[in-house]
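First the structure, in the form of structure tokens, and then the observations on it.
Values quoted throughout were computed directly from the atomic coordinates according to the rules given, and no laboratory measurement underlies them. Since the structure is predicted, the reported quantities are computational estimates derived from the model, not experimental observations. Every residue, glycine as well, gets a Cβ built from its backbone with ideal geometry; the counts of neighbours run over all protein chains shown.
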Amino acid sequence: MPADVRAAGAGVRSLLLALKAVLLNLLSLAAVLGAIVLVWQHGYGGDLLWGISATGSVAAFVPAMVFAFLYGLSMDYEVFILARMREAYDRTGSTRAAVVEGIGRTGRLVTSAGLILFLAFASLAAAPIIEVKIFATGLGIGILLDATVVRALLVPALVSLFGRWNWWLPGWAARVLRVEPSPLPAPEEKEKEKERIAAAV
């Protein structure tokens, strides 16, 4: 089992959430690399923003460096958010409450950190060296996309969609991760959830 899947699975004790984290990170990286190709290799917007025409190619180190930086940062954000969701679910037994509390506790921190890094790389994109501009542009776009679209929208939407399957960790995976297994929870009773909502209101 890859180390990133193992880390995510151990942090939130869930097989599905660990796999979802890896797939969303790869999706985000694919979007970033596509944007780099469009802006720099094909020249869409490069002339408007920096007065530079299409380069026709991207330096070989750029995709590798962008992948290494963004994948690690994205996984940190993901485990941070999902760990708070797991804590809320263990306490309330409600996926909906876990999503609301998890995003409520981490949303501002993740968004603020993402904004700071985006501004740092936006300033770095003003460097005169083309390779540095390409690298900084890719990281800036990736951080902005990851902190907004992926972490603020896709993660809570998918956790809500998966429901009780989010919290399942079979015995064989738990042994690999050296954590306690999490059996598949019973279907969440809608009546109890309605009562909780009514009591909260």
Please say if the stretch 49-110 is rounded, prolate or oblate, where rounded means a/c under 1.5 for a ≥ b ≥ c the square roots of the C-alpha gyration tensor eigenvalues, and otherwise the choice is prolate for a/b larger than b/c and oblate otherwise? prolate
Report the full-extension gain for the segment ALA83 to LEU109: residue separation times 0.36 nm, less the Cα-Cα distance, to one decimal in nm. 7.9 nm
I want to check the label-to-label distance for GLN41 and LEU19. Put each point 7 Å from Cα in the C-beta direction and report it in nm to one decimal. 3.0 nm
Quick check on the stretch 146-191: take the gyration tensor over C-alpha atoms, sort the square-rooted eigenvalues as a ≥ b ≥ c, and tell me if it's rounded (a/c under 1.5), prolate or oblate. oblate
Quick check: residue separation of SER57 and ILE116 times 0.36 nm, minus the Cα distance between them. What number comes out in nm? 18.3 nm
For a quick protection proxy, order the peptides 134-141, 35-42 by their average other-Cβ count within 10 Å, most packed first. 134-141, 35-42
Quick check on the stretch 90-152: take the gyration tensor over C-alpha atoms, sort the square-rooted eigenvalues as a ≥ b ≥ c, and tell me if it's rounded (a/c under 1.5), prolate or oblate. prolate
What is the distance, in nm, between label points placed 7 Å from the Cα along the Cα-to-Cβ direction at LEU153 and at VAL179? 2.8 nm
Please give the length that would be gained between LEU27 and ALA127 if that part of the chain were fully extended, namely 0.36 nm times their separation in residues minus their C-alpha to C-alpha distance (nm, one decimal). 33.2 nm
